[in-house]
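J.: Next up is a structure, given as structure tokens.
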Amino acid sequence: HTFADAFTCDLNRTSTYPWLSVNWEAWAEEGDGLLQSSQVGSLLAKLALSTEEVWTATDRLLAHASQLTLSQG
């Protein structure tokens, strides 16, 4: 995510079009026990977005974006 954030920041310095970088560290799917295999994973699991929250956020992004680029980081 660091590269995408820095790239977006750089573009916003010169572009007349606003750029936005959105970082989703974790998306907790139902029955997903993989995140809780370590102390850090357990903390990440507590902060993870639920599927409903992901779709709500996606709907909001799409409502305000004329173009959207998705990248698996």
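J.: Go through the residues of the stretch 6-14 one by one and say whether even a single one is in a loop (DSSP other than H, G, I, E, B) and either open to solvent by 100 Å² or more (accessible area, probe 1.4 Å) or at pLDDT 85 or above (or both). Can you show your working first?
T.: First, the residues of the stretch 6-14 that are in a loop (DSSP other than H, G, I, E, B): none.
The answer is no; no qualifying residue exists.
J.: May I pose another question? Can you tell me how many residues in the stretch 15-73 are at pLDDT 75 or above and in contact with a Gly (Cβ under 7 Å, 6 or more places away or on another chain)?
T.: 0
J.: Determine the pairs where a residue that is β-branched (Val, Ile, Thr), located within the stretch 50-67, has a partner that is open to solvent by less than 80 Å² (accessible area, probe 1.4 Å) and modelled with pLDDT under 85 with Cβ atoms under 8 Å apart, the partner being 6 or more residues away or on another chain.
T.: Final answer for the pair search is THR51/ALA28.
The values are calculated or read from the model by the stated rules, or taken from the named source; none is laboratory data. Quantities reported herein were computed from a predicted structural model and do not represent experimental measurements. FYI the Cβ positions are ideal-geometry reconstructions off the backbone, even for glycines, and counts take in every protein chain you see. The area values use the complete protein model at the heavy-atom level, side chains included, leaving out ligands, DNA and RNA. Shrake-Rupley method; radii C 1.70, N 1.55, O 1.52, S 1.80 Å.
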